[in-house]
Amino acid sequence: MSRYPAEPDYTHGADEQAGVLLTNLGTPDAPTPTALKRYLAEFLWDPRIVELPRPLWWLVLHGLILRTRPQRSAQAYKTVWTEVGSPLLETTLKQQVLLQRLLSERLPGPVKVVVAMRYGRPSIQEGMDGLRAAGCRRIVVLPLYPQYSATTTASTFDAVAACLSRLRWIPELRFITGYHDDPAYINALANTVSGHWKRRGTRPEKLLFSFHGIPRKGWVKGDPYPCQCHTTARLVAQHLKLDDGDWQVAFQSRFGAAKWVTPYTDETLRIWGREGVKSVDVICPGFPADCLETLEEIGQENRHNFLSAGGRGYEYISALNLGTDHIDFLAGLVMRHVQGWPEAEPDWDAEKREDCARMSLRLAKEQGAEH
């Protein structure tokens, strides 16, 4: 059997269009131990996530972690699960609809937006297959990770590259590696914070920017993620005209015994509570859609950490989610990356392209092609 199978239903002169693969981290299929075990096995086996020798890590993962962690994680997921299912998947699918609508309005030529998750479903393979079936010969991959990290962005690239490595006809690919300091992204975050304060009618003593953490050794080896997190927070704070003492960056969701980048979100909130800080708002700029890490870990667990340490007021500021500023920014980001492609050219002419396609098919058949 050929390693590179025939292109399915290939026809000379077939319609082509641009595609967007909108990706996020992923989610289990259900808030159950069985579903969590399957999801965590895929997630934690990724060498981008855990950089340990595979035989050793296999023993730890299957001998210990997957025997205990799925049960605890399932309980956490149950607290945020909705009637529709995973909040992350639900929001990402809605983002896809809105992004599709804006791009269809703004691009002269056709474009197809598809959602894929790095772990779980719909998978990267399913997303790429969907774009391929739609005739997308030019693809923009947009991982919803504003700050680049090898554990997220690079892992997505690995999965996309693995899909492409099996194709006979590889599409043109443009991969967006991050947007941590993009002015429109910063503006959307600042508007979210200021809008939250305006609705409440007051500002807290402290604003905490909480980002997902990474092991410190990754940062030491050259992962720019923590630096980009600090840049994002600083730019938002400047936009909001905050003094240095009014805000801070911290990192959440550490796992295992290794040292991760500091300061830690939970420890920071406990310290603030003990030191007499009475009110805190927390925003998570690295999460473009609310998920377990924001709704449960920040919205519930860390609320308890702060209030039990002496704090009185604690509010989580929702992710950008479906905000108009956010979707408009994502559309603009894609528009920049499709420049030079036929679909972005103002003289796009569907009828002319159809004529060219028919001629291509006729000429191919004259040379002996079957279809």
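The values are calculated or read from the model by the stated rules, or taken from the named source; none is laboratory data. Keep in mind that what you see is a predicted model, and the values were worked out from it rather than measured. Cβ placement follows ideal geometry from the backbone for every residue including glycine, while neighbour counts extend to all protein chains displayed.
Key figures for this structure:
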| read-out | value |
| --- | --- |
| Options 48, 69; residue that is within 21 Å of residue 24 (Cα to Cα), at pLDDT 95 or above and of a type in the set (D, E, K, R) | 48 |
| Count of the stretch 12-63 residues which are assigned to a loop (DSSP other than H, G, I, E, B) and hydrophobic (A, V, I, L, M, F, W, C) | 5 |
| Residue 109 vs. criteria small (Gly, Ala, Ser) and over 27 Å from residue 49 (Cβ atoms) | yes |
| Pairs where the first residue, in the stretch 294-305, is closer than 18 Å to residue 277 by Cβ and the second is of a type in the set (Asp, Glu), C-beta under 7 Å, 6+ apart | 302/266; 305/266 |
| The stretch 245-291 - residue that is hydroxyl-bearing (Ser, Thr, Tyr) and farther than 13 Å from residue 208 by Cα and, of those, modelled with the lowest pLDDT | 253 |
| Filtered residues of the stretch 15-35 (kept if touching a strand residue (DSSP E or B) at 6+ places or on another chain (Cβ under 9 Å) and either of a type in the set (Val, Ile, Thr) or at pLDDT below 75 (or both)) | 20, 23, 27 |
| The lone exception for residue 252 - which of (1) touching a Cys at 6+ places or on another chain (Cβ under 9 Å); (2) farther than 29 Å from residue 328 by Cβ; (3) of a type in the set (S, T, N, Q) it fails | (2) |
| Residue match in the stretch 81-90 (condition: touching a Gly at 6+ places or on another chain (Cβ under 9 Å), in contact (Cβ under 8 Å) with a residue 40 or more places away in the chain and either basic (Lys, Arg) or outside any helix (DSSP H, G or I) (or both)) | yes |
| Residue within the stretch 126-148 that is touching a strand residue (DSSP E or B) at 6+ places or on another chain (Cβ under 7 Å), of a type in the set (Phe, Trp, Tyr) and at pLDDT 95 or above present | no |
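Residue by residue, here is whether (1) in the same structural domain as residue 236 (by TED's automatic domain parsing); (2) touching a residue at least 12 places away in the same chain (Cβ under 8 Å) holds:
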| position | (1), (2) |
| --- | --- |
| 149 | no, yes |
| 157 | no, yes |
| 160 | no, yes |
| 165 | no, no |
| 188 | yes, yes |
| 192 | yes, yes |
| 196 | yes, yes |
